[in-house]
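Worksheet: the structure to be examined is printed underneath.
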């Protein structure tokens, strides 16, 4: 991949903490893009409560033991791909066991996750715990577009590496810069915070398979993992450590991701029920937006040879021109989070990601939340931008474009405190 194309690929979805507000493209990868509601088309969504045998699910036991696993398999086989479990040889090297940070407000830990003992890629996990906590605390795990040293403002963080334009890693301070997360605000609210760099797990470029965790396994078959499933797998490996850290309440771990990493946390939360809450920012197509709705980005755009086919299993491309044959849709992905809290955050000018498609997916997932005794959106009317719905299933649309803006953190913290604080 050329340096120019690499920069374009990263900037398309890496609007972390900085909005993108520009005229939407009318053609992408040679494929027209629709932004006209009148042309969004009609469709019938697959029902998350009607399994393959046609007998509607009427109780939580049947959902949890039969229908939910069935839906997970359908997503694995047709969209994200199947991923392996925890590697037998995985180890944790905690090289910073507990250093005061942020003027004594936090205890910082840094560790390297060796996925495959002494070979293959490794992942650095940076975490902070409130310094004066007397018991395990709820925790927010972030997956970032950049190394940990670029994600927080703490000179004590080891300078990481990021992928450069020639498929080689470079020092993080020479790479692309993003806004930094206000860790102290989370600490003051009683939460721990951690972050990982998605590029430690698998590279984010076409042809990146030999450089990431997937290279340690046989070449993926048509129904096996793409990069998004690999990034989600990496989040689960971070959770393996958090379960063993006595400062973390492992029953109250939330996850956050933006754009393609919003897609990642949707799939991580769906596949790994240990995550107690998900905040998915601008996840769009392949995330929370309905695929059957012809608006903004589509499966055809995602799987075009010049774009992001490596992020999915090979089977996904079969539905580029036949989305009606896809046995799943985003309403079922949202439903897989139930009964756990899920906040979908987007922007009213983020037409490419189809904010209305995300809202409609959440509406259609409501019956599953209700079946499990939780509150869905409970309305089919989109709230005005700047006014959210904060039930167990939440939706918030800021005024602006793609990505997370500083004021969105008010909504994240409100939602997390509502559901994870005791």
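Scan segment 176-190 for residues that are more than 14 Å from residue 410 (Cα to Cα) and either under 22 Å from the mean Cα position of the chain (by Cα) or without any contact (Cβ under 8 Å) to a residue 12 or more places away in the chain (or both) and the total you get is 5. Any chance segment 60-81 includes a residue that's in a loop (DSSP other than H, G, I, E, B) and within 25 Å of the chain's Cα centre (by Cα)? Among the residues of segment 60-81, at least one is in a loop (DSSP other than H, G, I, E, B) and within 25 Å of the chain's Cα centre (by Cα), which makes the answer yes. Number of residues in segment 389-416 that are in contact (Cβ under 8 Å) with a residue 40 or more places away in the chain, part of a loop (DSSP other than H, G, I, E, B) and closer than 17 Å to residue 361 by Cα: the value is 1.
Taken across segment 83-91, residues that are over 25 Å from the mean Cα position of the chain (by Cα), buried (at least 17 other Cβ atoms within 10 Å of the Cβ) and closer than 30 Å to residue 158 by Cα do not occur at all. Scanning segment 255-276 for residues that are more than 17 Å from residue 231 (Cβ to Cβ) and crowded, with 24+ Cβ neighbours inside 10 Å returns no hits. For segment 142-155, the criterion of being over 19 Å from residue 404 (Cα atoms), modelled with pLDDT under 95 and either crowded, with 21+ Cβ neighbours inside 10 Å or touching a strand residue (DSSP E or B) at 6+ places or on another chain (Cβ under 8 Å) (or both) is satisfied by no residue at all.
Residue-level check: of (1) in contact with a strand residue (DSSP E or B) (Cβ under 9 Å, 6 or more places away or on another chain); (2) over 27 Å from residue 36 (Cβ atoms); (3) buried (at least 18 other Cβ atoms within 10 Å of the Cβ), residue 336 misses just (1). Restrict the check to segment 297-318 and report whether at least one residue is crowded, with 20+ Cβ neighbours inside 10 Å, modelled with pLDDT under 95 and part of a loop (DSSP other than H, G, I, E, B). Yes, that holds for at least one residue.
The values are calculated or read from the model by the stated rules, or taken from the named source; none is laboratory data. Being a predicted model, the structure only gives us computed values, none of them experimental. FYI the Cβ positions are ideal-geometry reconstructions off the backbone, even for glycines, and counts take in every protein chain you see.
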